[in-house]
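Report on the following structure.
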Amino acid sequence: MSYQDLLETISPDKPIFDIKYGILSAPVRHCFMVGTIWKLKQRRPAPAALSILEIGSWLGASALSFAQGLAEHNGARGTITCVDAWTAFFDEEKNSDAVHKNMQAMLSSDIAYDIFLHNINTIPKTITCQHLKGQSGALLPMLRAGQFDVIFIDADHTYAPVKRDILNAIPLLKDGGIICGDDLNLQLSECDRGLAKKSGDKDFIKDPRTGRKFHPGVTLAVDEVFGKVAAFGGFWAVQKAGKAWKIPSYKGMPVIYPRHLPQSALEDARNHLKDIVIK
Ligand SMILES: C[S@@+](CC[C@H](N)C(=O)[O-])C[C@H]1O[C@@H](n2cnc3c(N)ncnc32)[C@H](O)[C@@H]1O
């Protein structure tokens, strides 16, 4: 029996996400992935068939959240293109904790990729979900310019890769489209700027100014390209307006909790949402 068949046997037609390795980021951010589709549908005229590019898919949690956004707000129509290398990428000397080690092991074998395939297979068939397996730095420049309504960036979180993913993503976005991403725990104006500037090659560190942990690479790269962005619990977004970027407002966004989040992640999202002002 193949690993794919085994996953289908133990979880027929249902995605597999455990809270520790399935939903890597703060669960509340998934409400804003769903909400990003709602936000785009507020435009007049509203775009019809929406096209989403995701850079960094892991086991497919964010892809399923965007799929739920399409199901809720766009009649389950649209395309999701997932780009991921599904190969080990952490610097093991700098990331030696159990979570990084286990992710690295899942990426070194085909386990992460096979669970991703199983999970995206549960997306409604009216939505086209395709994936490109390879390095984002090589794949993105091969994609047609101006074709995506949403580009979600969530691959390597150190400075140089995030900046490269952002710069490669920009030409691919339609006017009025949204570039968004995960793990902007602090914007540059909120953290110790000096520490952030010299720590771009680190994945996750503690900011002495706020006492909070953050990804300095994401903070720096987002600030350098866009300046201040919309940020909700670590989910960030900017909207293309001609040659400029504007901070999109998510005010009025209906809060929809993605169905594929495990129960504990749903509770986490509900609690976290109480502290977030949606503006
Ligand atoms: C934080 S995880 C993505 C989580 C996913 N968006 C979710 O919400 O579940 C990062 C992913 O980026 C991928 N990745 C890291 N560097 C990459 C690169 N240079 N090119 C393509 N994929 C990469 C890893 O294989 C990993 O699956």
Note to self: C-alpha centroids of the stretch 159-221 and the stretch 11-48 sit apart, in Å, by 21
Simple SL model, points at 7 angstrom along Cα→Cβ for T128 and S264; separation in nm is 3.9
Amide H contacts under 5 Å for G177, restricted to residues at least 5 apart in sequence or on another chain and with H modeled in the peptide plane, are K240
Sorting T122, M1, G69 by the position of each Cα along the dipole of the chain (Lys, Arg +1; Asp, Glu -1; all at Cβ), the one nearest the positive end of that ordering is G69
Relative contact order of the stretch 88-221 (C-alpha contacts under 8 Å, at least 6 apart) in percent is 21
Measuring from its Cα centre, the chain shows a charge dipole (+1 at each Lys and Arg Cβ, -1 at each Asp and Glu Cβ) which, in debye to the nearest 20, is 1360
Final fewest-first order of S249, S2, S51 on the 10 Å Cβ neighbour count is S2, S249, S51
If each K or R counts +1 and each D or E counts -1, the residues other than Y3 whose Cβ falls under 13 Å of its Cβ total -4
Scalar couplings 3J(HN,Hα) for the stretch 262-271 by Karplus 6.51 cos²θ - 1.76 cosθ + 1.60 (θ = phi - 60°), nearest whole Hz, x for Gly and Pro, are x, 3, 5, 5, 5, 4, 4, 4, 4, 5
Listed with the fewest Cβ neighbours within 10 Å leading, I205, I123, I55 appear as I205, I123, I55
Checked the chain against the a/c 1.5 cut and the a/b vs b/c comparison, axes a ≥ b ≥ c from its Cα gyration tensor; verdict rounded
Between A244 and Q42, the two model label points (7 Å from Cα along the beta-carbon direction) sit apart by a distance in nm of 1.8
Quick shape check on the stretch 141-185: root eigenvalues a ≥ b ≥ c of the Cα gyration tensor, a/c under 1.5 is rounded, otherwise prolate if a/b tops b/c, else oblate, and it reads oblate
Violations at 19 Å Cα threshold for listed pairs K206/K274; K39/K246; K14/K125 -> K206/K274
Cβ-Cβ cut-off under 13 Å around A265, Lys and Arg +1, Asp and Glu -1: the net charge is +1
Rounded to whole angstroms and listed largest first, the alpha-carbon spread of the stretch 120-167 along its three principal axes comes to 36, 22, 18
Once both label points are put 7 Å beyond Cα along the C-beta direction, the S109-L143 separation in nm becomes 3.0
Computed curve, the stretch 1-110, Cα-only Debye sum without solvent term, log₁₀ I(q)/I(0) at 0.11, 0.15, 0.19 Å⁻¹, is -0.46, -0.79, -1.09
Going from the fewest other Cβ atoms within 10 Å to the most, one would list T36, T9 as T9, T36
Ordered by number, the trypsin sites (Lys or Arg not before Pro) in the stretch 130-169 that occupy a DSSP loop and have at most 12 other Cβ atoms within 10 Å are R144
Using alpha-carbon positions, the gyration tensor of the stretch 206-270 gives root eigenvalues a ≥ b ≥ c; with a/c under 1.5 called rounded, otherwise prolate if a/b exceeds b/c, else oblate, the class is oblate
Listed by chain and number, the residues whose amide H is under 5 Å from that of F152, excluding neighbours fewer than 5 places away on the same chain and using placed H, are L53, E54, I55, C180
Protection proxy (average C-beta count within 10 Å per residue), highest first, orders 95-104, 263-272 as 263-272, 95-104
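Each reported figure results from applying straightforward, stated rules to the coordinates on display, with no laboratory input. Keep in mind the model is a prediction, meaning the values are calculated, not measured. Cβ atoms come from the backbone with ideal geometry, glycine included; neighbour counts cover every protein chain shown.
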